1. Please determine whether any residue of the stretch 107-117 is within 18 Å of the chain's Cα centre (by Cα), outside any helix (DSSP H, G or I), within 16 Å of the ligand (Cβ to nearest atom) and under 27 Å from Val45 (Cα atoms).
2. Consider Arg174 carefully, then state whether it is within 16 Å of the ligand (Cβ to nearest atom) and under 22 Å from Leu44 (Cα atoms).
3. How many of the residues making up the stretch 17-34 are modelled with pLDDT of 85 or more and touching an Asp or Glu at 6+ places or on another chain (Cβ under 8 Å)?
4. Taking the options Ser171, Ser96, name whichever one is small (Gly, Ala, Ser), in a helix (DSSP H, G or I) and at negative phi.
5. Evaluate the stretch 125-140: report whether one residue or more is within 10 Å of the ligand (Cβ to nearest atom) and either modelled with pLDDT under 95 or in contact with a Ser or Thr (Cβ under 8 Å, 6 or more places away or on another chain) (or both).
6. Pull out all pairs, ordered by first then second residue, where Cβ-Cβ is under 8 Å, the residues are six or more apart or on different chains, the first lies in the stretch 56-83 and is charged (D, E, K, R), and the second is at pLDDT 85 or above.
7. Is it fair to say Ile117 is crowded, with 16+ Cβ neighbours inside 10 Å and in contact (Cβ under 8 Å) with a residue 60 or more places away in the chain?
8. Please specify each residue of the stretch 40-91 satisfying the condition of being open to solvent by 40 Å² or more (accessible area, probe 1.4 Å) and in a strand (DSSP E or B).
Amino acid sequence: LPEYAFIGRSNVGKSSLINMLTQRSKLAMTSSTPGKTLLINHFLVNKEWYLVDLPGYGYAQRGKKMMDKIKKMIEDYVLTREQMTCLFVLVDSRLSPQNNDLKFIEWLGENGIPFAIIFTKADKQSTSKTNRNVELYLKTLQEQWEELPPYFISSSEKKTGRDEILNYIESVNRSLSSQISD
Ligand code: GDP
């Protein structure tokens with residue numbers, strides 16, 4: 001089955017987003033403690049696809065050894081997992097483009113990994129501020145990329161962005177299964 005993975009810096013709102021997408025709070029616990037997710041967790045959704053929760057990256061307080069271990073775990077999964085269909089990179093919609101996120105995205109591009117961006121916590125500021133930040137982000141990406149990745153704006157608080165993300169996943173799943181039957 002196809003896998004859709006979610007990644008982002010600790011505290012970006014990944015657990016909350018996963019809860020919103022699955023609507024099953026027992027699948028993923030929210031916590032305000034940064035860096036709680038350590039291992040790679042798979043959740044089967046509607047028996048159709050796997051939601052894969054990757055550990056947060058860039059959490060320096062964990063110490064170098066742990067960071068290296070997590071980095072290697074993420075790289076192994078992203079580079080070698082055949083079922084990995086799209087990697088959703090979460091970024092905080094309140095922040096200007098962060099260097100480590102941009103570097104990670106660049107690395108994805110260099111390795112031909114399919115990805116999309118989710119701008120999180122959109123409710124924390126006005127819509128116009130969110131849109132300005134998103135524009136700035138896309139403009140920064142455009143300096144490096146000819147084509148922009150798919151992107152979504154979400155709020156786990158206001159439950160927005162959910163349908164768009166799930167529709168996208170379903171449409172990719174549909175195109176995958178039509179390829180197989182062709
Ligand atoms: P993770 O470390 O990336 O899994 O982040 P969490 O999902 O645990 O969220 C970190 C903090 O941000 C928690 O206090 C959440 O309640 C809060 N948070 C997450 N998503 C949203 C959101 O969409 N809106 C608001 N206002 N707060 C959020």
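The values are calculated or read from the model by the stated rules, or taken from the named source; none is laboratory data. The structure presented is a predicted model; accordingly, all values stated were derived computationally and were not measured. A quick note on method: Cβ atoms are made from the backbone with ideal geometry, for glycine too, and the neighbour counts reach across all protein chains shown. What goes into the accessible areas is simple: the full protein's heavy atoms, side chains included, and nothing from ligands, DNA or RNA. Shrake-Rupley method; radii C 1.70, N 1.55, O 1.52, S 1.80 Å.
1. Within the stretch 107-117, one or more residues are within 18 Å of the chain's Cα centre (by Cα), outside any helix (DSSP H, G or I), within 16 Å of the ligand (Cβ to nearest atom) and under 27 Å from Val45 (Cα atoms).
2. Working: within 16 Å of the ligand (Cβ to nearest atom): no; under 22 Å from Leu44 (Cα atoms): yes.
In short, no.
3. In the first step, residues of the stretch 17-34 are kept if they are modelled with pLDDT of 85 or more; the result is 17-22.
Narrowing further to those that are touching an Asp or Glu at 6+ places or on another chain (Cβ under 8 Å): 18.
Result for the stretch 17-34: 1.
4. Working: Ser96 fails: in a helix (DSSP H, G or I).
From the options Ser171, Ser96, the qualifying one is Ser171.
5. The first filter runs over the stretch 125-140 and keeps only residues within 10 Å of the ligand (Cβ to nearest atom), leaving 125.
In the following step, the residues that additionally are either modelled with pLDDT under 95 or in contact with a Ser or Thr (Cβ under 8 Å, 6 or more places away or on another chain) (or both) were identified as 125.
Yes, the stretch 125-140 contains at least one residue that is within 10 Å of the ligand (Cβ to nearest atom) and either modelled with pLDDT under 95 or in contact with a Ser or Thr (Cβ under 8 Å, 6 or more places away or on another chain) (or both).
6. Listed by first residue and then by second, the contacts come to Arg81/Glu3.
7. Working: crowded, with 16+ Cβ neighbours inside 10 Å: yes; in contact (Cβ under 8 Å) with a residue 60 or more places away in the chain: no.
For Ile117, the condition - crowded, with 16+ Cβ neighbours inside 10 Å and in contact (Cβ under 8 Å) with a residue 60 or more places away in the chain - is not met.
8. Within the stretch 40-91, the subset open to solvent by 40 Å² or more (accessible area, probe 1.4 Å) is 40-42, 44, 46-48, 50, 58-62, 64-69, 71-73, 75-76, 79-83.
Passing the criteria: Asn41, His42, Leu44, Tyr50.
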